[in-house]
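The values are calculated or read from the model by the stated rules, or taken from the named source; none is laboratory data. Predicted model, so just to flag it, every value in this text is computed and none were measured. Glycine also receives a Cβ, built like all others from the backbone with ideal geometry; neighbour counts cover every protein chain displayed. Each accessible area value is taken on the protein alone, full model and side chains, heavy atoms only, with ligands, DNA and RNA left out. Shrake-Rupley method; radii C 1.70, N 1.55, O 1.52, S 1.80 Å.
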Amino acid sequence: MVVFPSSLFAFVLCLRASSAGVDSWNAEIPNSVVGLSGSCVVIPCKFNYPSDRKSYYQFTGIWYTDKYDIIYHKETNKIISKFRGRTTLLGDLHQKDCTLKINSLHHSDGGTYMFRIEIKDLDKATFLKNKVSISVKDLPEQPTISVKEEVMSQRKATATCIVSHSCSSDPPRLTWSHEGTLTSLSHPQDHGQWRLTSSLTFTPSREDHNKPLICSADFSGGNKVTSSKTLKVKYPPYNVNMMSYSPVKENTSVKLICSCDSNPPASFQWISLNGSLLANGPTYKLNQVSRYTEAISCTANNTEGQNNSGPQKINVLYPPYNVNVKSNSPVKENTSVELICTCDSNPPAKFQWISLNGSLLANGPTYKLNHVSRYTEAISCTASNTEGRNSSGPQKINVLYPPEIKNESSCKSGPLTVCVCIVDSNPPSEVKWLGLSTTFPSSSIEQNGFLSTFTLQGWLGFPDAINCSASNSEGNSVITMQVPHRGMIIYIVVATAAVLVTLVVISVCVAKRHRKEEKINDIYTYNKDDSNDYENWECDDKDLPRGQHEDEAVYANTSK
């Protein structure tokens with residue numbers, strides 16, 4: 001077996017390719033390609049041969065290093081060990097495509113390579129003038145991102161990410177930091193490079209403003225590169241907020257500040273509760289604020305829309321007002337009750353419970369009293385905060401208790417019987433007057449707090465006693481009052497005597513008048529026919545001398 005030097009072998013191959021004609025045997029192979037370490041590289045390759053319009057069916061494609069080491073052959077045992085299992089002929093030699101792929105690229109794979117074609121029944125050719133140089137890099141190129149300078153919130157936008165690679169059969173995987181719809185396209189470039197383009201259609205929001213939109217390219221072999229573009233999102237005002245310089249004391253002034261999140265920056269208006277415009281600008285000063293100062297709102301506007309803070313009350317500090325003691329409805333006597341103290345204040349008040357004599361009973365908004373009675377003293381609640389203090393004033397607990405009829409209740413007699421029944425009760429009582437067989441209604445009722453005075457006045461007959469019966473929702477009470485008759489009997493005797501005396505006097509007067517009239521009539525008849533001097537004679541008791549009898553008077557007149 002004769003062994004030829006490699007240089008001589010190459011010369012022979014070149015001669016064969018040349019002898020066949022330059023225009024017929026040729027190849028299209030890039031001068032250089034760049035591959036990524038750990039990834040793959042594809043060497044595009046097209047060749048031509050003089051077919052003379054004949055058909056050939058057996059092709060053998062071989063790739064060599066510049067030292068004629070075989071890196072690809074259909075008989076894999078002819079491939080040098082470092083490339084065995086790593087090279088693949090992607091092209092179809094029958095279609096004159098000799099494209100080669102090298103997987104898991106190493107730095108040691110860098111160098112020069114060439115292609116040889118062997119066609120049965122025609123010839124063989126090695127394309128020495130179409131060598132390709134492979135260079136291996138550690139990191140891929142950064143992706144290139146493009147997106148509009150400004151995008152609108154809640155309106156669809158499109159961004160593109162472009163990355164170069166050298167392995168069309170195993171392109172990098174492109175991912176985005178934002179959700180959306182993706183489309184991808186790959187285009188061949190010069191020197192065996194490919195351009196992969198990913199388009200993202202997304203809907204930006206205000207949260208995306210000034211945030212990076214990131215495109216990441218993951219290459220086989222573990223290499224990953226990213227690029228970003230800061231989004232500029234236009235959106236209407238959000239989070240419109242009204243602020244003041246800390247809480248403000250009542251009757252002082254306060255400066256209000258309106259702020260919001262918006263792009264482009266917003267302009268501001270201050271609006272009263274009834275919708276009136278108070279001022280323009282991001283600040284507004286209020287003088288003499290009080291707890292009654294109405295809520296104010298701030299409206300923010302920009303080219304994308306407007307938004308409002310909503311009515312905001314100013315945080316005004318003031319002392320306690322309207323201090324009030326409340327309990328859980330009326331309480332029955334001898335039970336417990338919980339008292340609650342409330343007030344209007346800012347900041348919230350602290351509470352103290354004070355007895356009627358000024359002693360401190362307890363602290364806190366609630367106070368529990370056990371075994372309350374009608375005699376439980378009034379209690380007051382004092383509220384205090386950093387701005388001052390105020391008190392509810394003494395408060396009596398509304399204690400429900402049954403009737404108690406006072407000892408002062410009694411009856412007295414006169415022309416009419418008068419009985420008085422004095423009842424202490426809560427709620428007020430109803431009273432019935434009970435005789436032996438008769439019930440009497442009260443003649444009058446007087447109310448003084450929980451003390452009620454019931455009066456019975458009239459002719460009751462001659463009972464020895466009468467009952468006052470008082471009742472309410474809590475119970476009842478009865479007292480028996482003696483009815484004195486002595487005064488009434490004396491009054492009846494005196495009245496009877498007076499009547500009798502009056503009747504006697506009237507009878508005497510009537511009798512005297514009757515006798516006088518009879519005597520006058522007799523005298524008048526006796527002198528009727530006498531001298532005319534006696535025509536006009538009259539007699540009246542008033543003309544009689546004192547002690548003189550009527551007969552003597554008559555005699556005296558006739559003697560004249």
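Tabulated results
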{"read-out": "Candidate set from segment 162-192 (those that are outside any strand (DSSP E or B) and hydroxyl-bearing (Ser, Thr, Tyr)); member that is nearest to ILE43 (Cα to Cα)", "value": "SER166"}
{"read-out": "Subset of segment 165-191 that is among the small types (Gly, Ala, Ser) and touching a Leu at 6+ places or on another chain (Cβ under 8 Å) - its residue that is nearest to PRO30 (Cα to Cα)", "value": "SER166"}
{"read-out": "In segment 22-42, the residues that are part of a loop (DSSP other than H, G, I, E, B) and closer than 17 Å to ASN223 by Cβ", "value": "SER37, GLY38, SER39, CYS40"}
{"read-out": "Unmet requirement for SER39, which otherwise passes all of (1) open to solvent by less than 80 Å² (accessible area, probe 1.4 Å); (2) touching a strand residue (DSSP E or B) at 6+ places or on another chain (Cβ under 7 Å); (3) farther than 17 Å from ASP97 by Cα", "value": "(2)"}
{"read-out": "Answer residue from segment 107-123, given it is crowded, with 18+ Cβ neighbours inside 10 Å and of a type in the set (D, E, K, R) and is modelled with the lowest pLDDT among those", "value": "ASP109"}
{"read-out": "Test for TYR57: is it at pLDDT 90 or above, assigned to a loop (DSSP other than H, G, I, E, B) and out of contact with any strand residue (DSSP E or B) (no Cβ under 8 Å at 6 or more places or on another chain)", "value": "no"}
{"read-out": "Selection count where residues are touching a residue at least 24 places away in the same chain (Cβ under 8 Å) and part of a loop (DSSP other than H, G, I, E, B), scope segment 339-370", "value": "7"}
{"read-out": "Test: residue in segment 232-240 that is in a strand (DSSP E or B), under 30 Å from ILE29 (Cβ atoms) and open to solvent by 20 Å² or more (accessible area, probe 1.4 Å)", "value": "no"}
{"read-out": "Pick from segment 454-480, criterion of a type in the set (Val, Ile, Thr) and closer than 14 Å to THR439 by Cβ, ranking: surrounded by the fewest Cβ atoms within 10 Å (Cβ to Cβ)", "value": "VAL478"}
{"read-out": "Subset of segment 124-171 that is of a type in the set (A, V, I, L, M) and closer than 14 Å to ALA217 by Cα - its residue that is surrounded by the most Cβ atoms within 10 Å (Cβ to Cβ)", "value": "VAL163"}
{"read-out": "Any hit, segment 486-493, residues being at pLDDT 90 or above, surrounded by 12 or more Cβ atoms within 10 Å (Cβ to Cβ), hydrophobic (A, V, I, L, M, F, W, C) and in contact with a strand residue (DSSP E or B) (Cβ under 9 Å, 6 or more places away or on another chain)", "value": "no"}
{"read-out": "Residue in segment 26-35 that is among the charged types (D, E, K, R), touching a residue at least 60 places away in the same chain (Cβ under 8 Å) and closer than 25 Å to ASP121 by Cα present", "value": "yes"}
{"read-out": "Residue among SER384, SER373 that is outside any strand (DSSP E or B) and of a type in the set (S, T, N, Q)", "value": "SER373"}
{"read-out": "Unmet requirement for ASP218, which otherwise passes all of (1) surrounded by 16 or more Cβ atoms within 10 Å (Cβ to Cβ); (2) of a type in the set (D, E, K, R); (3) closer than 30 Å to GLU179 by Cβ", "value": "(1)"}
{"read-out": "Candidate set from segment 60-83 (those that are among the charged types (D, E, K, R) and outside any loop (DSSP other than H, G, I, E, B)); member that is farthest from ASN31 (Cα to Cα)", "value": "LYS78"}
{"read-out": "Evaluation of TYR292 against (1) hydroxyl-bearing (Ser, Thr, Tyr); (2) buried (at least 18 other Cβ atoms within 10 Å of the Cβ); (3) in a loop (DSSP other than H, G, I, E, B) (one fails), failing number", "value": "(2)"}
{"read-out": "Residue count for segment 302-319, restricted to those that are open to solvent by less than 60 Å² (accessible area, probe 1.4 Å) and of a type in the set (D, E, K, R)", "value": "1"}
{"read-out": "The lone exception for LYS412 - which of (1) in contact with a helix residue (DSSP H, G or I) (Cβ under 8 Å, 6 or more places away or on another chain); (2) basic (Lys, Arg); (3) free of Cβ contacts under 8 Å to residues at least 24 places away in the same chain it fails", "value": "(3)"}
{"read-out": "Residue within segment 67-83 that is surrounded by fewer than 18 Cβ atoms within 10 Å (Cβ to Cβ), over 26 Å from HIS191 (Cβ atoms) and touching a strand residue (DSSP E or B) at 6+ places or on another chain (Cβ under 8 Å) present", "value": "yes"}
{"read-out": "Flag if GLY281 is free of Cβ contacts under 8 Å to residues at least 12 places away in the same chain, over 27 Å from VAL151 (Cβ atoms) and small (Gly, Ala, Ser)", "value": "no"}
{"read-out": "Filter result for SER345 (at pLDDT 95 or above, touching a strand residue (DSSP E or B) at 6+ places or on another chain (Cβ under 6 Å), buried (at least 16 other Cβ atoms within 10 Å of the Cβ) and not β-branched (Val, Ile, Thr))", "value": "yes"}
{"read-out": "Selected residue (criterion: most open to solvent (accessible area, probe 1.4 Å)) from residues of segment 84-106 that are part of a loop (DSSP other than H, G, I, E, B), under 30 Å from PRO50 (Cα atoms) and touching a residue at least 40 places away in the same chain (Cβ under 8 Å)", "value": "LEU90"}
{"read-out": "Unique match (being under 28 Å from HIS371 (Cα atoms), free of Cβ contacts under 8 Å to residues at least 12 places away in the same chain and within 60 Å of the chain's Cα centre (by Cα)) among ASN448, ASN398, ASN426, ASN407", "value": "ASN448"}
